[in-house]
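Scroll down for the structure; my scribbles are underneath it.
The values are calculated or read from the model by the stated rules, or taken from the named source; none is laboratory data. The shown structure was predicted, so the numbers you read here are calculated from the model rather than taken from an experiment. Glycine also receives a Cβ, built like all others from the backbone with ideal geometry; neighbour counts cover every protein chain displayed.
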C-alpha cells in the first residue's frame with residue numbers, strides 16, 4: 001500500500017485472510033497457462049501412429065499433472081494466490097482431462113492397420 005504522512009497504511013484483509021496478490025502474471029499463473037498450452041500438444045501426440053510419440057504424450061501428461069501440484073504449492077507458499085489463478089487452475093485441470101479422454105475415445109474408435117494387434121486368423 002501507499003505511505004502517507006510517514007506512516008505506512010495497514011493492508012486490508014478480508015475476514016482475517018491475507019490479501020490476494022495484486023500481480024496477475026505470477027509464476028503459478030504462468031505454470032497454469034503453460035499447462036493449458038500443453039493440452040493440444042498432448043492430444044496430437046497421443047493420436048500419433050508411433051508409440052514413441054505416444055509415450056512422449058504420456059510423459060507430457062504426467063509433467064502437466066505434477067505442475068498442478070507445483071503451482072498450487074508455489075501460490076500458497078509465496079502468497080501469490082490471485083483471482084486469475086483461482087479461475088484458470090480448474091479450467092486447466094478440466095481441459096487436461098478432456099483432452100486425455102478425447103484421445104482415448106478417438107484411439108479406441110479408429111481402426112488399426114494390424115501393426116499393433118495380431119489378428120486371430122493365423123495361417
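What about residue 87, is it under 10 Å from the mean Cα position of the chain (by Cα), part of a helix (DSSP H, G or I) and at pLDDT 90 or above?
no
Considering each residue of segment 46-62, count those that are surrounded by 13 or more Cβ atoms within 10 Å (Cβ to Cβ), free of Cβ contacts under 8 Å to residues at least 24 places away in the same chain and within 17 Å of the chain's Cα centre (by Cα), and give that number.
Number of matching residues: 3.
Just wondering, is there one or more residues in segment 23-32 that are surrounded by 14 or more Cβ atoms within 10 Å (Cβ to Cβ), assigned to a loop (DSSP other than H, G, I, E, B) and at pLDDT below 95?
Yes: one or more hits.
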